[in-house]
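Just below is one structure, and these are the notes that go with it.
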Amino acid sequence: MSFNEEILMKRCLFLANKGLGKTSPNPMVGAVIVFNGNIIGEGYHKEYGGNHAEVEAINNVKNQKLLEKSTLYVNLEPCNHIGKTPPCSDLIVKKKIPNVIIGTVDPNPKVSGKGIQKLKANKVKVRVGVLMDECNNLNKRFFCYYRNNRPYIILKWAESQDGFISPSNQKDGEIFLITSNESRQLTHKWRTEEDSIAVGINTINKDNPELTTRYWNGKSPIPVIIDPNNRICVNSKVIEKHKKIFHYIDKSIKVSNKESIQINFKKSIQEILINLHQNKINSVLVEGGQKTIQKFINGNFWDEIRYFVGNKKIYGGIKAPKIKSKNNYWIKKDISNDILYRLVNYSTNKL
(Lines give C-alpha, C1' and ligand atoms only; values in the text may rest on other atoms or scores of the structure.)
Protein backbone atom coordinates (compact mmCIF):
# COMPACT_ATOMS: atom_id res chain seq x y z
CA MET A 1 0.00 0.00 0.00
CA SER A 2 1.43 3.35 -1.02
CA PHE A 3 1.15 6.60 0.85
CA ASN A 4 -0.83 8.07 -2.06
CA GLU A 5 -3.34 5.18 -1.90
CA GLU A 6 -3.98 5.89 1.77
CA ILE A 7 -4.54 9.57 1.06
CA LEU A 8 -6.95 8.81 -1.78
CA MET A 9 -8.90 6.29 0.31
CA LYS A 10 -9.11 8.83 3.12
CA ARG A 11 -10.60 11.20 0.57
CA CYS A 12 -13.19 8.52 -0.25
CA LEU A 13 -14.01 8.20 3.45
CA PHE A 14 -14.29 11.97 3.84
CA LEU A 15 -16.72 12.16 0.93
CA ALA A 16 -18.69 9.13 2.12
CA ASN A 17 -19.18 10.59 5.59
CA LYS A 18 -21.14 13.48 4.06
CA GLY A 19 -23.98 11.01 3.64
CA LEU A 20 -24.18 10.19 7.37
CA GLY A 21 -27.82 9.87 8.37
CA LYS A 22 -29.06 10.24 4.80
CA THR A 23 -28.25 6.99 2.95
CA SER A 24 -29.74 4.31 5.23
CA PRO A 25 -30.51 1.49 4.68
CA ASN A 26 -27.75 1.86 2.10
CA PRO A 27 -24.12 2.33 3.19
CA MET A 28 -22.08 5.53 3.01
CA VAL A 29 -19.78 5.44 0.01
CA GLY A 30 -17.32 7.86 -1.54
CA ALA A 31 -15.41 7.44 -4.81
CA VAL A 32 -12.40 9.14 -6.39
CA ILE A 33 -11.08 8.75 -9.95
CA VAL A 34 -7.40 9.39 -10.62
CA PHE A 35 -5.50 9.88 -13.91
CA ASN A 36 -1.75 10.53 -13.98
CA GLY A 37 -1.72 11.32 -10.25
CA ASN A 38 -4.53 13.87 -10.50
CA ILE A 39 -8.12 13.57 -9.31
CA ILE A 40 -10.37 14.01 -12.34
CA GLY A 41 -13.67 13.05 -10.74
CA GLU A 42 -15.17 12.31 -7.35
CA GLY A 43 -18.55 11.83 -5.72
CA TYR A 44 -20.48 10.26 -2.89
CA HIS A 45 -23.83 8.62 -2.20
CA LYS A 46 -25.88 11.63 -1.10
CA GLU A 47 -29.16 10.01 -0.12
CA TYR A 48 -31.09 6.74 -0.28
CA GLY A 49 -32.45 6.21 -3.79
CA GLY A 50 -29.95 8.61 -5.37
CA ASN A 51 -26.92 7.90 -7.52
CA HIS A 52 -24.23 5.72 -5.99
CA ALA A 53 -20.79 7.20 -5.38
CA GLU A 54 -19.20 5.52 -8.42
CA VAL A 55 -21.87 6.97 -10.72
CA GLU A 56 -21.43 10.46 -9.25
CA ALA A 57 -17.65 10.27 -9.66
CA ILE A 58 -17.82 8.98 -13.24
CA ASN A 59 -20.39 11.61 -14.24
CA ASN A 60 -18.11 14.32 -12.85
CA VAL A 61 -15.24 13.41 -15.19
CA LYS A 62 -15.24 16.01 -17.96
CA ASN A 63 -13.17 14.01 -20.45
CA GLN A 64 -14.81 10.57 -20.37
CA LYS A 65 -12.06 9.11 -22.59
CA LEU A 66 -9.62 9.46 -19.68
CA LEU A 67 -11.61 6.83 -17.76
CA GLU A 68 -10.01 4.14 -19.92
CA LYS A 69 -6.62 5.00 -18.40
CA SER A 70 -7.72 5.82 -14.85
CA THR A 71 -7.98 4.23 -11.41
CA LEU A 72 -11.17 4.28 -9.37
CA TYR A 73 -10.89 4.38 -5.58
CA VAL A 74 -13.95 3.47 -3.50
CA ASN A 75 -14.32 2.63 0.19
CA LEU A 76 -16.86 -0.18 -0.39
CA GLU A 77 -17.15 -2.88 -3.04
CA PRO A 78 -19.18 -1.71 -6.07
CA CYS A 79 -22.64 -3.28 -6.18
CA ASN A 80 -23.53 -6.00 -8.69
CA HIS A 81 -27.31 -6.14 -8.29
CA ILE A 82 -30.28 -4.05 -9.36
CA GLY A 83 -31.82 -2.10 -6.51
CA LYS A 84 -32.96 1.51 -6.64
CA THR A 85 -30.21 2.04 -9.24
CA PRO A 86 -28.39 -0.16 -11.82
CA PRO A 87 -25.24 -2.11 -10.80
CA CYS A 88 -22.14 0.06 -10.43
CA SER A 89 -19.92 -2.81 -11.57
CA ASP A 90 -21.66 -2.78 -14.96
CA LEU A 91 -20.98 0.93 -15.38
CA ILE A 92 -17.31 0.51 -14.45
CA VAL A 93 -16.96 -2.23 -17.08
CA LYS A 94 -18.88 -0.18 -19.64
CA LYS A 95 -16.61 2.82 -19.13
CA LYS A 96 -13.53 0.54 -19.41
CA ILE A 97 -11.95 1.72 -16.18
CA PRO A 98 -8.90 -0.57 -15.94
CA ASN A 99 -8.07 -0.33 -12.21
CA VAL A 100 -10.26 -0.35 -9.11
CA ILE A 101 -8.96 0.02 -5.54
CA ILE A 102 -11.52 -1.04 -2.89
CA GLY A 103 -11.44 -0.40 0.85
CA THR A 104 -13.55 -3.34 2.00
CA VAL A 105 -16.00 -6.01 0.81
CA ASP A 106 -19.75 -5.35 1.03
CA PRO A 107 -21.40 -7.61 3.68
CA ASN A 108 -24.76 -7.56 1.88
CA PRO A 109 -25.29 -11.12 0.51
CA LYS A 110 -26.58 -9.62 -2.74
CA VAL A 111 -23.09 -8.15 -3.27
CA SER A 112 -20.47 -9.76 -0.96
CA GLY A 113 -17.72 -10.41 -3.48
CA LYS A 114 -19.93 -10.61 -6.56
CA GLY A 115 -19.08 -7.06 -7.60
CA ILE A 116 -15.37 -7.86 -7.38
CA GLN A 117 -15.86 -11.08 -9.35
CA LYS A 118 -17.73 -9.19 -12.07
CA LEU A 119 -14.90 -6.67 -12.42
CA LYS A 120 -12.18 -9.34 -12.53
CA ALA A 121 -14.15 -11.39 -15.06
CA ASN A 122 -14.03 -8.35 -17.33
CA LYS A 123 -10.27 -7.91 -16.96
CA VAL A 124 -10.41 -5.06 -14.46
CA LYS A 125 -7.47 -5.07 -12.07
CA VAL A 126 -8.89 -5.07 -8.54
CA ARG A 127 -7.21 -4.68 -5.18
CA VAL A 128 -9.04 -4.83 -1.86
CA GLY A 129 -8.01 -3.81 1.66
CA VAL A 130 -6.70 -0.23 1.58
CA LEU A 131 -7.56 1.24 5.02
CA MET A 132 -9.94 -1.68 5.58
CA ASP A 133 -10.46 -1.04 9.30
CA GLU A 134 -11.34 2.60 8.72
CA CYS A 135 -13.69 1.63 5.89
CA ASN A 136 -15.43 -0.97 8.07
CA ASN A 137 -15.80 1.49 10.94
CA LEU A 138 -17.35 4.19 8.77
CA ASN A 139 -20.18 1.83 7.88
CA LYS A 140 -20.42 0.15 11.30
CA ARG A 141 -24.22 0.44 11.24
CA PHE A 142 -24.48 -1.20 7.81
CA PHE A 143 -22.03 -3.97 8.77
CA CYS A 144 -23.83 -4.64 12.07
CA TYR A 145 -27.15 -4.95 10.24
CA TYR A 146 -25.83 -7.78 8.07
CA ARG A 147 -23.30 -9.43 10.37
CA ASN A 148 -25.30 -9.31 13.61
CA ASN A 149 -28.77 -9.47 12.03
CA ARG A 150 -29.94 -6.43 13.99
CA PRO A 151 -29.56 -2.64 14.10
CA TYR A 152 -26.48 -0.95 15.48
CA ILE A 153 -27.36 0.04 19.07
CA ILE A 154 -26.18 3.19 20.86
CA LEU A 155 -27.17 3.68 24.50
CA LYS A 156 -27.30 7.28 25.66
CA TRP A 157 -28.15 8.96 28.95
CA ALA A 158 -27.24 11.91 31.18
CA GLU A 159 -26.57 11.62 34.91
CA SER A 160 -25.78 13.93 37.78
CA GLN A 161 -22.45 14.03 39.58
CA ASP A 162 -23.90 11.73 42.22
CA GLY A 163 -25.18 9.17 39.69
CA PHE A 164 -28.89 9.94 39.20
CA ILE A 165 -30.75 10.48 35.91
CA SER A 166 -33.78 12.22 37.44
CA PRO A 167 -34.94 13.40 40.88
CA SER A 168 -37.52 11.49 42.92
CA ASN A 169 -39.85 14.52 43.11
CA GLN A 170 -40.03 15.14 39.34
CA LYS A 171 -43.62 15.80 38.24
CA ASP A 172 -45.17 14.30 35.11
CA GLY A 173 -44.50 16.51 32.10
CA GLU A 174 -41.73 18.38 33.91
CA ILE A 175 -38.32 18.34 32.23
CA PHE A 176 -35.35 18.22 34.58
CA LEU A 177 -32.19 19.33 32.76
CA ILE A 178 -28.90 17.78 33.87
CA THR A 179 -26.60 18.82 31.03
CA SER A 180 -25.65 22.02 29.21
CA ASN A 181 -27.13 23.42 26.02
CA GLU A 182 -24.05 22.25 24.14
CA SER A 183 -24.53 18.65 25.28
CA ARG A 184 -28.21 18.69 24.36
CA GLN A 185 -27.35 20.12 20.95
CA LEU A 186 -24.82 17.33 20.42
CA THR A 187 -27.46 14.76 21.35
CA HIS A 188 -29.79 16.17 18.72
CA LYS A 189 -26.99 15.99 16.17
CA TRP A 190 -26.61 12.30 17.05
CA ARG A 191 -30.32 11.83 16.47
CA THR A 192 -29.96 13.02 12.87
CA GLU A 193 -27.37 10.29 12.30
CA GLU A 194 -29.53 7.34 13.36
CA ASP A 195 -32.57 5.62 11.85
CA SER A 196 -34.56 5.34 15.07
CA ILE A 197 -34.72 6.44 18.71
CA ALA A 198 -35.99 4.12 21.46
CA VAL A 199 -37.53 4.95 24.84
CA GLY A 200 -39.67 3.15 27.38
CA ILE A 201 -43.27 4.08 28.11
CA ASN A 202 -42.38 5.64 31.49
CA THR A 203 -40.22 8.19 29.68
CA ILE A 204 -43.08 8.98 27.27
CA ASN A 205 -45.73 9.39 29.96
CA LYS A 206 -43.53 11.16 32.53
CA ASP A 207 -41.38 13.45 30.35
CA ASN A 208 -43.67 13.70 27.29
CA PRO A 209 -40.66 14.19 24.93
CA GLU A 210 -40.87 15.14 21.26
CA LEU A 211 -37.90 12.95 20.26
CA THR A 212 -37.12 15.38 17.43
CA THR A 213 -33.99 17.21 16.26
CA ARG A 214 -35.16 20.73 17.05
CA TYR A 215 -31.67 21.78 18.25
CA TRP A 216 -29.94 20.59 15.07
CA ASN A 217 -30.70 20.76 11.36
CA GLY A 218 -31.55 17.31 10.05
CA LYS A 219 -34.15 14.57 9.93
CA SER A 220 -35.71 13.23 13.12
CA PRO A 221 -35.30 9.49 13.80
CA ILE A 222 -38.32 7.18 13.92
CA PRO A 223 -39.50 6.76 17.53
CA VAL A 224 -39.47 3.26 19.01
CA ILE A 225 -41.84 3.10 21.99
CA ILE A 226 -41.50 0.09 24.32
CA ASP A 227 -44.92 -0.15 25.96
CA PRO A 228 -45.76 -3.69 27.23
CA ASN A 229 -49.15 -2.80 28.74
CA ASN A 230 -50.23 -0.31 26.06
CA ARG A 231 -50.25 2.68 28.42
CA ILE A 232 -49.28 5.37 25.91
CA CYS A 233 -51.24 8.62 26.14
CA VAL A 234 -52.95 9.47 22.86
CA ASN A 235 -52.04 13.13 23.40
CA SER A 236 -48.31 12.42 23.66
CA LYS A 237 -46.07 14.83 21.77
CA VAL A 238 -44.29 11.91 20.12
CA ILE A 239 -47.55 10.91 18.39
CA GLU A 240 -48.25 14.49 17.39
CA LYS A 241 -44.76 15.21 16.01
CA HIS A 242 -44.07 12.02 14.03
CA LYS A 243 -45.86 10.49 11.05
CA LYS A 244 -44.47 7.05 11.85
CA ILE A 245 -43.57 5.27 15.08
CA PHE A 246 -42.81 1.70 16.11
CA HIS A 247 -45.08 1.01 19.09
CA TYR A 248 -44.32 -2.31 20.79
CA ILE A 249 -46.87 -3.89 23.14
CA ASP A 250 -47.22 -7.35 24.67
CA LYS A 251 -48.96 -10.10 22.68
CA SER A 252 -51.28 -10.73 25.63
CA ILE A 253 -52.85 -7.27 25.25
CA LYS A 254 -55.99 -7.04 23.11
CA VAL A 255 -55.97 -3.87 21.02
CA SER A 256 -57.81 -2.45 18.04
CA ASN A 257 -54.92 -0.22 16.97
CA LYS A 258 -53.46 -2.10 14.01
CA GLU A 259 -50.35 0.08 13.98
CA SER A 260 -49.15 -1.36 17.30
CA ILE A 261 -46.68 -4.22 17.00
CA GLN A 262 -47.34 -7.10 19.39
CA ILE A 263 -44.32 -9.07 20.58
CA ASN A 264 -43.42 -11.60 23.24
CA PHE A 265 -42.10 -9.48 26.12
CA LYS A 266 -40.38 -12.45 27.72
CA LYS A 267 -37.89 -11.88 24.88
CA SER A 268 -38.66 -8.21 24.43
CA ILE A 269 -35.27 -6.87 23.34
CA GLN A 270 -34.63 -9.69 20.88
CA GLU A 271 -38.11 -9.49 19.33
CA ILE A 272 -37.96 -5.72 19.01
CA LEU A 273 -34.56 -5.90 17.30
CA ILE A 274 -35.78 -8.65 14.96
CA ASN A 275 -38.75 -6.51 13.95
CA LEU A 276 -36.62 -3.41 13.43
CA HIS A 277 -34.22 -5.48 11.32
CA GLN A 278 -37.16 -6.70 9.22
CA ASN A 279 -38.14 -3.07 8.70
CA LYS A 280 -34.61 -2.23 7.44
CA ILE A 281 -33.71 -0.10 10.45
CA ASN A 282 -29.90 0.03 10.50
CA SER A 283 -29.47 1.81 13.83
CA VAL A 284 -31.25 2.71 17.06
CA LEU A 285 -30.33 5.36 19.62
CA VAL A 286 -31.70 4.23 23.01
CA GLU A 287 -32.32 7.30 25.17
CA GLY A 288 -34.29 6.02 28.13
CA GLY A 289 -35.39 5.41 30.70
CA GLN A 290 -33.20 3.62 33.20
CA LYS A 291 -35.06 0.27 33.03
CA THR A 292 -35.07 0.25 29.24
CA ILE A 293 -31.36 1.02 28.94
CA GLN A 294 -30.51 -1.53 31.63
CA LYS A 295 -32.36 -4.26 29.68
CA PHE A 296 -30.14 -3.61 26.67
CA ILE A 297 -27.05 -3.67 28.89
CA ASN A 298 -28.08 -6.87 30.70
CA GLY A 299 -28.81 -8.61 27.39
CA ASN A 300 -25.49 -7.38 25.95
CA PHE A 301 -27.36 -5.86 23.03
CA TRP A 302 -25.38 -2.66 22.60
CA ASP A 303 -22.53 -1.47 20.41
CA GLU A 304 -21.78 1.91 21.96
CA ILE A 305 -22.49 3.76 25.18
CA ARG A 306 -22.46 7.54 25.30
CA TYR A 307 -23.33 9.18 28.59
CA PHE A 308 -22.93 12.65 30.02
CA VAL A 309 -22.14 13.61 33.59
CA GLY A 310 -23.48 17.06 34.40
CA ASN A 311 -22.08 19.51 36.94
CA LYS A 312 -24.94 19.28 39.45
CA LYS A 313 -26.00 16.86 42.17
CA ILE A 314 -29.55 15.56 42.74
CA TYR A 315 -29.16 13.82 46.13
CA GLY A 316 -31.66 11.07 45.37
CA GLY A 317 -33.95 9.79 42.63
CA ILE A 318 -33.62 7.28 39.80
CA LYS A 319 -30.16 5.77 39.61
CA ALA A 320 -28.24 5.81 36.34
CA PRO A 321 -27.80 2.54 34.41
CA LYS A 322 -24.91 0.32 35.48
CA ILE A 323 -22.43 -1.17 33.04
CA LYS A 324 -20.20 -4.11 33.88
CA SER A 325 -17.39 -4.70 31.42
CA LYS A 326 -13.98 -6.28 31.79
CA ASN A 327 -12.49 -3.90 29.23
CA ASN A 328 -13.76 -0.46 30.15
CA TYR A 329 -11.72 1.64 27.73
CA TRP A 330 -13.78 4.78 28.16
CA ILE A 331 -13.08 7.79 25.98
CA LYS A 332 -13.53 10.96 28.00
CA LYS A 333 -14.26 14.42 26.59
CA ASP A 334 -15.27 17.77 28.07
CA ILE A 335 -18.45 19.27 26.60
CA SER A 336 -18.98 22.73 28.10
CA ASN A 337 -19.47 22.06 31.85
CA ASP A 338 -20.24 18.37 31.29
CA ILE A 339 -18.11 15.28 30.75
CA LEU A 340 -18.95 12.88 27.92
CA TYR A 341 -17.97 9.22 28.31
CA ARG A 342 -17.96 6.85 25.34
CA LEU A 343 -17.40 3.09 25.20
CA VAL A 344 -17.44 0.61 22.31
CA ASN A 345 -18.57 -2.99 22.88
CA TYR A 346 -16.43 -5.48 20.95
CA SER A 347 -18.26 -8.58 22.27
CA THR A 348 -21.87 -7.58 21.63
CA ASN A 349 -24.56 -10.21 20.99
CA LYS A 350 -25.86 -11.19 17.58
CA LEU A 351 -29.32 -12.42 16.63
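Points worth noting:
- Over all pairs of different C-alpha atoms in region 66-204, the reciprocal of the mean inverse distance, the Kirkwood hydrodynamic radius, equals 18.8 Å.
- Top of LYS237, LYS189, LYS94 by mean-square fluctuation, Gaussian network on the chain, Cα under 10 Å: LYS94
- In the full protein context, region 73-117 carries 41 Å² of accessible surface per residue, based on a 1.4 Å probe and ignoring ligands, DNA and RNA.
- Cross-link pairs beyond the 27 Å C-alpha cut-off, checked among LYS84/LYS254; LYS295/LYS332; LYS46/LYS322; LYS46/LYS267: LYS84/LYS254; LYS46/LYS322; LYS46/LYS267
- Phi angles across region 175-182 convert, under the Karplus curve 6.51 cos²θ - 1.76 cosθ + 1.60 with θ = phi - 60°, into 3J(HN,Hα) values of 9, 9, 8, 9, 9, 7, 4, 5 Hz, Gly and Pro given as x.
- Projecting the alpha carbon convex hull of region 226-296 along each direction and taking the average yields 5.2 nm².
- Shown for the chain: the carbon plus sulfur share of the solvent-accessible area, taken with all protein chains present and a 1.4 angstrom probe, equals 47%.
- Charges were assigned to the Cβ only: +1 to each Lys and Arg, -1 to each Asp and Glu. The resulting dipole of region 193-316 about its Cα centre is roughly 320 debye.
- Global size of the chain: 22.6, 72 Å for Rg and Dmax (C-alpha atoms, Rg to one decimal, Dmax whole).
- The Stokes-Einstein estimate for region 81-152, based on a Kirkwood radius over Cα pairs and taken at 4 °C with 1.567 mPa s viscosity, is a diffusion coefficient of 98 µm²/s.
- Charge-dipole axis of region 184-239 as Lys and Arg at +1 and Asp and Glu at -1 on Cβ define it, positive-most pick from ILE232, ASN202, TRP216: TRP216
- For VAL224, distant residues with modelled amide H under 5 Å away: ILE197, ALA198, VAL199, PHE246
- Histogram of C-alpha separations across region 1-130, 5 Å bin width, %: 2, 12, 24, 27, 22, 10, 3, 0
- Between ILE261 and HIS247, TYR248, ILE249, the built amide H atoms are under 5 Å apart, and every one of these is 5 or more places off in sequence or on another chain.
- Radius of gyration and maximum dimension Dmax of region 253-346, Cα, Å: 16.5, 48
- Ligands, DNA and RNA are left out, and with a 1.4 angstrom probe the accessible area of region 298-346 is 64 Å² per residue.
- Check: the chain dipole with +1 on Lys, Arg Cβ and -1 on Asp, Glu Cβ, in debye: 660 debye
- Summarising the label geometry, the points placed 7 Å from Cα in the beta-carbon direction at ASN122 and LYS140 lie 3.5 nm from one another.
The values are calculated or read from the model by the stated rules, or taken from the named source; none is laboratory data. The shown structure was predicted, so the numbers you read here are calculated from the model rather than taken from an experiment. Using ideal geometry, Cβ is built from the backbone for each residue, glycine included, and neighbour counts are taken over all protein chains shown. Side chains are part of the model used for accessible areas, which takes the heavy atoms of the whole protein and leaves out ligands, DNA and RNA. Shrake-Rupley method; radii C 1.70, N 1.55, O 1.52, S 1.80 Å.
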